[in-house]
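The structure under discussion appears below in the form of structure tokens.
The values are calculated or read from the model by the stated rules, or taken from the named source; none is laboratory data. On a predicted model such as this, the values are computed, not experimentally measured, just so you know. Note that we place each Cβ from the backbone using ideal geometry, even for glycine, and neighbour counts take in every protein chain shown.
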Amino acid sequence: MNIDLTTAAIAAAVSLATTGATLGTQGLLARREREHADDRDRVKHEAEVLAVFRKYQAPLLVSADALQSRIYNIVQKRLFELDTGVQAVHQCGRTYAVESTLSLLSEYFGWREAVRREIQFFDTGELESTRRINVILEHVSRTFASSSPPFDNGLVVFRSQQRAVGDLVLVRSDVGGEHWECVGPAKFCELLDSIQGKSWLGALEQQVASFRESLDYRTEQRLRLAQNWLLELVDEADPKSAHVASKRVRLPVDDEYQSLCPSSIIL
């Protein structure tokens, strides 16, 4: 009897151990499968986000480079003070310098808005591959939008205005696959005279036009900082000059604004 009880106890213990081991193995396999599924989801998620950035990388970088080049010419070469054809008044009543500067600003905001629209449903915060680009884009927006010291209201373009201007110049196209495009120069000229164009770009146009008379110190420092951040974007996203081959020269920034430069901020 004792032998039978001992045998039964051993059998029960072995059975429990086997069951426990089986459950443990199943739990481990299930956990690994969940981890693999999470890894697959992360890879897919990152691929989708990168696809959006690649889709708009070239036009965004080209517009960023064109804008930084214009800022360089305004600040360093005093474009608005030159008595040349850039100051000739068009039939629309604007000079080439004013109209083209507004166009370059709007085009950058347009491509920035296109990227924002495409990735707004993705969580890009933890993706190292796009984190630095997102940080740089944020600093470009902040540089134009800030009216707090050391900035003032000179050439300030608030975030809502940046998005609204971007929205104005964007059109949907299905050529080569559905995507966003920015309007061309002729359409942009028409847009400037529209009710919406005057509403969102009228004040900015007046500020840009005032450069002919003077470029005040704080506005100039805002432009210098914006140019630095735009070049930081180009350098980060196009280090081998695959999309932008222009000379990349950063404007110097005064000591008061040095802490806001890319070189002073850990990205």
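Brief remarks on what is shown
- Counting only helices (runs of 4 or more DSSP H) wholly contained in region 148-230, the ones carrying 1 or more residues that are among the aromatic types (Phe, Trp, Tyr) occupy 185-192, 195-209.
The rows are residues; the columns are (1) at negative phi; (2) at pLDDT 95 or above; (3) not small (Gly, Ala, Ser).
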site	(1), (2), (3)
ASP41	yes, no, yes
ALA58	yes, no, no
ALA66	yes, yes, no
SER103	yes, yes, no
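- Filter result (surrounded by 13 or more Cβ atoms within 10 Å (Cβ to Cβ), charged (D, E, K, R) and in contact (Cβ under 8 Å) with a residue 12 or more places away in the chain) within region 192-215: GLU205, ARG212
- Taking the listed residues ALA226, ALA164, the one that is under 19 Å from the mean Cα position of the chain (by Cα), of a type in the set (Gly, Ala, Ser), crowded, with 21+ Cβ neighbours inside 10 Å and modelled with pLDDT of 95 or more is ALA226, with no other qualifying.
- Single residue of ARG212, ARG250 found to be at pLDDT 90 or above and of a type outside the set (Gly, Ala, Ser): ARG250
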